[in-house]
Structures are given as C-alpha cells and as structure tokens.
Amino acid sequence: MIQNTLFKLFPLNSKALITRLIFGGLTGLIFIAIFLYPAGEPKPEWGKYWWIKPLVMVPLAGAAGIVVNYVVTQQTYKRRWVKALFIFVSILVFLFALWIGTVLGLNGTYWD
C-alpha cells in the first residue's frame, strides 16, 4: 500500500523557526503595546493588572500565526504562482491570528 501525502516531510530548521517566532511575537507585542499605550485610566472592575492578559495573548497568537508561514516556505512547489499564493494565504493567516489574539486578549477589559 502506497501512502500519499499532501506535503513533503521537511527537516526542522530550528534557527529559522526561532527567528520567525521572535518576529511574530515582537510584531504582536509592538501592535498591542501601541494600542494599549493611550489606554488611560482603567475601570476598577478590570483589576490592577488587566494589561497583562493582552500583552501575553497577542504575542503568542502572532508567534503561532507565523508558524504557518514557516511551514509554507519549507515546502517545494512545482509552480512559482502556487508558492506565491500559499505565501499570501500564510500572511492572511498571520493577520487573522493577530486579530483573534487581540480579541481574546482584550475580552473582558477594552472590549467588554
């Protein structure tokens, strides 16, 4: 029996993966820090450390979203336009992950 696979198995390049994880996490951290900087006076029911949740959730979501880009770029494609399409989709997935991380991070505080 021959097993068909959609993706070719690839070796894990830990240096490239760590670099992309740091990029995704820093992008998320900068994005949410710029968003929270002019937050002003928080509501008393949010608690004293309400800002920790978004500062953790958004960088984690950004790092998780950039893993899709790493997986896509490690694959081999027969046509260049297919690779370009998958890279474009991976960028959309990264932006979607940042958006979801922002919503989850600010849930209960800014976006109640």
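Surrounded by 10 or more Cβ atoms within 10 Å (Cβ to Cβ), out of contact with any Ser or Thr (no Cβ under 8 Å at 6 or more places or on another chain) and at pLDDT below 90: is that true of Phe23 in this structure? Give the steps one after another, and end with the answer.
Working: surrounded by 10 or more Cβ atoms within 10 Å (Cβ to Cβ): yes; out of contact with any Ser or Thr (no Cβ under 8 Å at 6 or more places or on another chain): yes; at pLDDT below 90: no.
In short, no.
Quick check, is Ile18 at pLDDT 80 or above, touching a helix residue (DSSP H, G or I) at 6+ places or on another chain (Cβ under 7 Å) and not charged (D, E, K, R)?
Numbers: at pLDDT 80 or above: yes; touching a helix residue (DSSP H, G or I) at 6+ places or on another chain (Cβ under 7 Å): no; not charged (D, E, K, R): yes.
So Ile18 does not fit the description; no.
In the range 30-59, which residues are assigned to a helix (DSSP H, G or I), free of Cβ contacts under 8 Å to residues at least 12 places away in the same chain and under 20 Å from Gly101 (Cα atoms)?
Those that are assigned to a helix (DSSP H, G or I), free of Cβ contacts under 8 Å to residues at least 12 places away in the same chain and under 20 Å from Gly101 (Cα atoms): Ile30, Ile34, Tyr37, Pro38, Ile52.
Within the set of pairs 6+ apart or on separate chains, which have a first residue in the range 12-23 that is closer than 12 Å to Val67 by Cα, a second that is assigned to a helix (DSSP H, G or I) and of a type in the set (Ser, Thr, Tyr), and C-beta atoms under 7 Å apart?
Ala16/Tyr70; Leu17/Tyr70; Arg20/Tyr70
What number of residues within the range 34-85 are in contact with a Leu (Cβ under 7 Å, 6 or more places away or on another chain) and aromatic (Phe, Trp, Tyr)?
Residues meeting the conditions: 2.
Return the total of residues in the range 60-112 being surrounded by fewer than 17 Cβ atoms within 10 Å (Cβ to Cβ), in contact (Cβ under 8 Å) with a residue 24 or more places away in the chain and not in a helix (DSSP H, G or I).
Matching residues across the range 60-112 total 3.
The values are calculated or read from the model by the stated rules, or taken from the named source; none is laboratory data. Predicted model, so just to flag it, every value in this text is computed and none were measured. A quick note on method: Cβ atoms are made from the backbone with ideal geometry, for glycine too, and the neighbour counts reach across all protein chains shown.
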